[in-house]
Amino acid sequence: MRTVIEMASLVRRGEMKATEALDETLAAIDRHNPELNSFVHVDGDLARSSAQRIDERVARLVEFRREQLF
């Protein structure tokens, strides 16, 4: 599993979608939380909604950068 810092960097560069990072993170929580008991509540719906908004913003930024190059 990648670190949060690695995933954030990939998302900012448009090399990974925030929703993919979320899926990876939620899978890790599902896998490890029964043993670690670190999370009392995980709001996957709210997290997914936020990740989708981030993906939309990054897509606009990537398109803007592309337009600036050409």
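Summary table below
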item: Farthest positive-ward along the chain dipole, Cα basis, beta-carbon charges - from L69, N33, S49; result: L69
item: Given the chain, longest segment not containing exposed loop trypsin sites (Lys or Arg not before Pro) (DSSP; at most 14 other Cβ within 10 Å); result: 14-70
item: Computed helical MRE - 222 nm, the chain, DSSP H runs ≥ 4 contributing -39500 (n - 2.57), nearest 500; result: -26000 deg cm²/dmol
item: The range 1-68, relative contact order in percent, only Cα pairs under 8 angstrom and at least six apart counted; result: 41 percent
item: Phi-based couplings in Hz for the range 30-40 (Karplus 6.51, -1.76, 1.60; Gly and Pro marked x); result: 4, 6, 9, 5, x, 7, 7, 6, 8, 10, 7
item: Loop-located GluC sites (Glu not before Pro) in the chain whose Cβ has at most 16 other Cβ within 10 Å (DSSP); result: E15
item: Rg and Dmax of the chain, Cα atoms only, in Å; result: 14.5, 52
item: Residue of L46, L36, L26 that the Gaussian network model of the chain assigns the largest fluctuation, springs spanning Cα pairs under 10 Å; result: L36
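None of the figures in this text is laboratory data; all of them are computed from the coordinates on show. Keep in mind that this is a model prediction, so the values were computed, not measured. A quick note on method: Cβ atoms are made from the backbone with ideal geometry, for glycine too, and the neighbour counts reach across all protein chains shown.
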